[in-house]
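Scroll down for the structure; my scribbles are underneath it.
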Amino acid sequence: MAIRLVAMDLDDTLLRDDWTISPRVVKAIQKAQEQKVKVTIATGRMPISTRPYALQLGIDVPVITYHGAMVQQVISGEILFRRVIPSALAKKIIGDVLERGMYAQIYLKNRVITSKLTELSEQYARISKVSIEEADLQETISQEPEGVEKILLMAEEAGLDQLTPFLDQRYGDKVHLTKSKPYFLEMTESTVNKGVALAALAERFNIAQEEVMAIGDSFNDLEMIKYAGVGVAMGNARKEIQEQANIVTATNQEDGVAEAIERYVLGSALDLVRRVPEGMTSS
């Protein structure tokens, strides 16, 4: 059975360290699309930060953003799916994390808001190429009738790891906690993740699970890597991610996405991948 849908994470997967897409990766994706393979992006980023890359690749199917909390058409901007952390819950979480001195950002559709702009704000703005607003977070949430797509905490990994058990115990049944980078702890509504969104997208196009490839590098990619018929971990992914994938490709600096597409979508190595036992890897 051939691959008919490919979903790729953005940062540290599709993008090189300078946040560009290599010519080889662009070419491999274009060839896959020429063969009627549907290609999409699945990222923790917001839609406005994802759209330029989707347009560069000529993606004409919905993209998965906010770790699956929003699925949106690239060209029209039509929102096909949106699920938020309810405002009352978001206010409680923000109160807890600010009380503990954590830097936090909230996301409302295409807005990013923090209580005080810092070097962390500047760092995030450089990566995502978005403007960050400064405002009282709890007051802003109070004015939002529905809720927020995402809450992001930024700190050293050790500090986030200390806070995670508290957040998990208090809110783990209400929000989905994940990491996209060692210094990013992210929260979305409890029922959404990249795997759930990818499964819904495959169903929309009548594509079987076995016909789906997912490529990623971090903890927020685990659900889609485990869902896909062919789960691919980047060579720069953490060991915990590589152990859950069917195969491990090259790093983002070495065109790992292109290598995976060339071998397992455009090439003839797919049968070998599917014979690899669960938990094993093949390169």
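Classify region 1-75 from the C-alpha gyration tensor, please: rounded if a/c falls under 1.5, else prolate or oblate depending on whether a/b exceeds b/c.
Since a/c reaches 1.5 but b/c is at least a/b, the shape of region 1-75 is classed as oblate.
Under Stokes-Einstein, with the Kirkwood radius over Cα pairs standing in for Rh, what whole-number D in µm²/s applies to the chain at 37 °C and 0.692 mPa s?
173
Placing +1 at every Lys and Arg Cβ and -1 at every Asp and Glu Cβ, with all other atoms neutral, what dipole size does region 32-85 have around its Cα centre, in debye to the nearest 20?
180
Tabulate in residue order the Karplus-calculated ³J(HN,Hα) for region 137-150, using 6.51 cos²θ - 1.76 cosθ + 1.60 with θ = phi - 60°, rounded to whole Hz; enter x for Gly and Pro.
Each residue's phi maps through the Karplus curve to give 5, 5, 5, 4, 5, 4, 8, 9, x, 9, x, 10, 5, 7 Hz.
Quick one: dipole size for the chain, taken about the Cα centre, charges +1 on Lys/Arg Cβ and -1 on Asp/Glu Cβ, in debye to the nearest 20.
With only Lys, Arg, Asp and Glu charged at Cβ, the dipole is about 620 debye.
Please build a GNM for the chain, connecting alpha carbons under 10 Å apart, and tell me which residue among S76, S142, S115 fluctuates the most.
Sorting by GNM fluctuation, first place goes to S76.
I need the calculated FRET efficiency for the pair T20 and E243, taking r as the beta carbon distance and R₀ as 35 Å, to the nearest 0.05.
0.75
According to the square roots a ≥ b ≥ c of the eigenvalues of the Cα gyration tensor, what is the shape class of region 197-249, taking rounded for a/c under 1.5, prolate for a/b larger than b/c otherwise, and oblate for the remainder?
prolate
Quick one: ranking E259, E203, E210 by accessible area, 1.4 Å probe, largest first, what do you get?
E203, E210, E259
When a/c reaches 1.5 or more, the comparison of a/b and b/c decides; with that in mind, is region 41-126 rounded, prolate or oblate per its Cα gyration tensor?
Oblate, because a/c is 1.5 or more while a/b does not exceed b/c.
Can you list residues whose amide H is under 5 Å from A155's amide H, if they're 5+ apart or on another chain and H is modeled 1.01 Å from N?
Sorted by chain and number, the residues that satisfy this are L185.
Could you tell me what percent of the accessible area of the chain is made up of carbon and sulfur, with a 1.4 Å probe and every protein chain present?
Ligands and nucleic acids excluded, carbon and sulfur reach 48 percent.
Report relative contact order for region 103-241 in percent, whole number only (criteria: Cα-Cα under 8 Å, sequence separation at least 6).
Rounded, it is 17 percent for region 103-241.
By how many nm would the segment from N206 to E119 grow when fully extended, if each residue of separation counts as 0.36 nm and the alpha-carbon distance is taken off?
26.8 nm
Pairs of alpha-carbon atoms within less than 8 angstrom and 6+ residues apart define the contacts here; what relative contact order does region 1-146 have, in percent?
That works out to 17 percent.
Within region 1-104, list the chymotrypsin sites (Phe, Trp or Tyr not before Pro) lying in a DSSP loop whose Cβ has at most 16 other Cβ atoms in a 10 Å radius.
W19
Please give me, ordered by residue number, the GluC sites (Glu not before Pro) of region 143-189 that lie in loop per DSSP and have at most 10 other Cβ atoms within 10 Å.
E156
Which value, in Å², gives the accessible area per residue of the chain when a 1.4 Å probe is used on the protein heavy atoms?
With the other protein chains kept in place, the chain gives 44 Å² per residue.
Quick check on the chain: helices-only [θ] at 222 nm, where DSSP H runs of length 4 and up contribute -39,500 (n - 2.57) each and the sum goes over total residues. Nearest 500, please.
-10500 deg cm²/dmol
Calculate the spin-label point distance for E139 paired with A158, positioning each point 7 Å from the Cα along the beta-carbon direction, and give it in nanometres.
3.6
Just add up the charged neighbours of E78: K/R +1, D/E -1, any other residue whose Cβ is under 14 Å from the Cβ of E78.
Net of charged neighbours comes to +3.
The values are calculated or read from the model by the stated rules, or taken from the named source; none is laboratory data. Just so it is clear, the model here is predicted, and its values are computed rather than measured. Glycine also receives a Cβ, built like all others from the backbone with ideal geometry; neighbour counts cover every protein chain displayed. Heavy atoms of the whole protein, side chains included, go into the accessibility calculation; ligands, DNA and RNA do not. Shrake-Rupley method; radii C 1.70, N 1.55, O 1.52, S 1.80 Å.
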